[in-house]
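Presented below is the structure to which this report refers.
The values are calculated or read from the model by the stated rules, or taken from the named source; none is laboratory data. Since we're looking at a predicted model, the values are computed, not measured. Positions of Cβ are generated from backbone atoms using ideal geometry, with glycine treated the same way; all protein chains shown enter the neighbour counts. In case anyone asks, the SASA skips ligands and DNA or RNA and just uses the protein heavy atoms, side chains included. Shrake-Rupley method; radii C 1.70, N 1.55, O 1.52, S 1.80 Å.
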Amino acid sequence: MPASRMVSCAKGKNNNLPIIKFNVVILAVLILFTSCVSDGKPATTSNMVVTLSPVSASATPSKSVTVTESSPVIEPSIAPDLNEYSLPDGFVYVTDVISTAQLEIRYFSNDNFTGTMIDGYEAPKAILTKEAAYALKIAADKLYEQGYYIKIFDAYRPQRAVNHFVRWAQDLYDTKMKEKYYPELDKSVLFKLGYIAEKSGHSRGSTVDLTLVHISTGEELDMGSGFDFFGEISNHGTPLITPEQERNRNILRDAMVDAGFEAYTKEWWHYKLKGEPYPDTYFDFPVN
């Protein structure tokens with residue numbers, strides 16, 4: 001071949017070299033993009049980052065594509081404030097008013113006439129209306145001077161707890177606590193005798209069940225029968241108790257009556273504030 005022809009062919013090849021390189025780069029980009037898309041997670045504008053590689057002096061600038069996962073957004077976890085519960089207006093915790101008061105909230109335990117924890121009792125606390133609590137403080141202060149603490153078995157009682165009592169009374173086969181709380185009575189007569197009712201003065205917030213404790217010994221006074229015992233022996237004026245037991249009951253009764261409470265004839269432990277602030281309202285907020 002003539003020398004001039006060879007020179008012409010060489011120049012043609014050199015002129016095509018940049019085009020070939022450019023096509024190779026384009027092909028590489030297409031292969032890389034196809035590989036990313038076929039990974040099962042399509043590339044989108046929200047999770048695809050495009051970066052440019054440095055340009056060299058001897059080649060056409062090329063582009064590389066990097067696909068990255070977007071980071072999940074995690075909301076901060078806020079723990080609930082366990083102390084955020086507040087009482088309705090007009091109500092107080094008894095121990096906030098009477099620091100010496102002892103509590104044995106029976107319905108927050110299995111030691112009651114049903115044998116189970118009662119609906120609405122979520123904490124072993126005693127709640128009363130402000131009027132009842134401050135009247136009770138008058139009685140507690142007087143009894144303290146005589147050498148006694150008050151011990152509270154129940155105070156405000158949610159309506160849902162009363163409903164629980166009614167359901168229990170209707171189940172005549174549930175008698176597991178009969179020996180301790182109503183040994184001489186058939187369960188079927190508890191409604192008729194007034195031991196169980198569909199409404200309770202406790203739900204109005206100004207009734208309290210309590211006894212006395214010797215400050216010197218920490219022991220309860222002997223009242224002749226236990227709290228919530230269904231029977232004649234729990235009545236005021238019953239002949240079934242000893243003179244000492246009657247005197248003990250009278251110590252509690254005198255202090256409570258002087259402070260503005262009324263006694264309930266069938267239960268030595270039960271007292272209602274005279275002139276209670278909510279005589280027609282039955283509350284249902286939980287004891288918490």
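Please count how many residues of the stretch 224-279 are closer than 17 Å to K137 by Cα and charged (D, E, K, R).
7
So, in the stretch 117-158, of the ones that are part of a loop (DSSP other than H, G, I, E, B) and over 30 Å from W168 (Cα atoms), which residue ends up most open to solvent (accessible area, probe 1.4 Å)?
Q146
Can you pull out every residue in the stretch 217-267 that is of a type in the set (F, W, Y) and closer than 22 Å to L103 by Cβ?
F227, F229, F261, Y264
Would you check if S86 is surrounded by fewer than 22 Cβ atoms within 10 Å (Cβ to Cβ) and at pLDDT below 95?
yes
Does F91 satisfy being hydrophobic (A, V, I, L, M, F, W, C), under 20 Å from the mean Cα position of the chain (by Cα) and open to solvent by 60 Å² or more (accessible area, probe 1.4 Å)?
no
Going through the stretch 190-210 one residue at a time, which ones are over 14 Å from E262 (Cβ atoms), out of contact with any Gly (no Cβ under 9 Å at 6 or more places or on another chain) and small (G, A, S)?
Of everything in the stretch 190-210, those that are over 14 Å from E262 (Cβ atoms), out of contact with any Gly (no Cβ under 9 Å at 6 or more places or on another chain) and small (G, A, S) turn out to be G194, A197, S200, S203.
Could you grab the pairs with beta carbons closer than 6 Å, sequence gap of 6+ or different chains, first residue in the stretch 89-116 and part of a helix (DSSP H, G or I), second one open to solvent by 30 Å² or more (accessible area, probe 1.4 Å)?
V97/K137; F108/P124
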